[in-house]
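The values are calculated or read from the model by the stated rules, or taken from the named source; none is laboratory data. Only a predicted model underlies this, so the values are computations on that prediction, with no experimental measurement involved. Backbone-built Cβ (ideal geometry, glycine too); neighbour counts: all protein chains shown.
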Amino acid sequence: MDLNLRKAILDNVSGNNADQLQETIVDAIENGEEKMLPGLGVLFELIWKESNETDRQEMLAALEKGVQQTS
């Protein structure tokens, strides 16, 4: 069986509005289930691709800060 996880995740959120996407993200984070991580990764990939360089630098700064706080 050839499972395209990325496509399945995108199909699952296709057509969702901003509120629905936020609910999906918040639910995945609050649940803390490992099985949700691939979905968040695919959503992050979309955000990254749609962002300009300034937005990417802001995301990286926030990510760096978050990573440093967990260590």
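Okay, residues lined up against (1) on the phi < 0 side of the Ramachandran plot; (2) modelled with pLDDT under 95:
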| position | (1), (2) |
| --- | --- |
| Asn4 | yes, yes |
| Gly15 | no, no |
| Glu34 | yes, yes |
| Leu43 | yes, no |
| Gln57 | yes, no |
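Could you identify the single residue in Ile9, Ile47 that is within 10 Å of the chain's Cα centre (by Cα) and either of a type outside the set (Phe, Trp, Tyr) or on the phi > 0 side of the Ramachandran plot (or both)?
Details: Ile9 fails: within 10 Å of the chain's Cα centre (by Cα).
The unique qualifying residue is Ile47.
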By residue number, the members of the range 44-57 that are more than 19 Å from Arg6 (Cα to Cα) and surrounded by fewer than 12 Cβ atoms within 10 Å (Cβ to Cβ) are Asn52, Glu53, Thr54, Gln57
Here the residues within the range 8-57 that are part of a helix (DSSP H, G or I) and of a type in the set (Gly, Ala, Ser) are Ala8, Ala18, Ala28, Gly39, Gly41
Checked the range 58-71 for anything hydrophobic (A, V, I, L, M, F, W, C) and either surrounded by 10 or more Cβ atoms within 10 Å (Cβ to Cβ) or touching a residue at least 24 places away in the same chain (Cβ under 8 Å) (or both); matches are Met59, Leu60, Ala61, Ala62, Leu63
State whether the residues of the range 20-39 include one that is hydroxyl-bearing (Ser, Thr, Tyr) and exposed (fewer than 12 other Cβ atoms within 10 Å of the Cβ). no
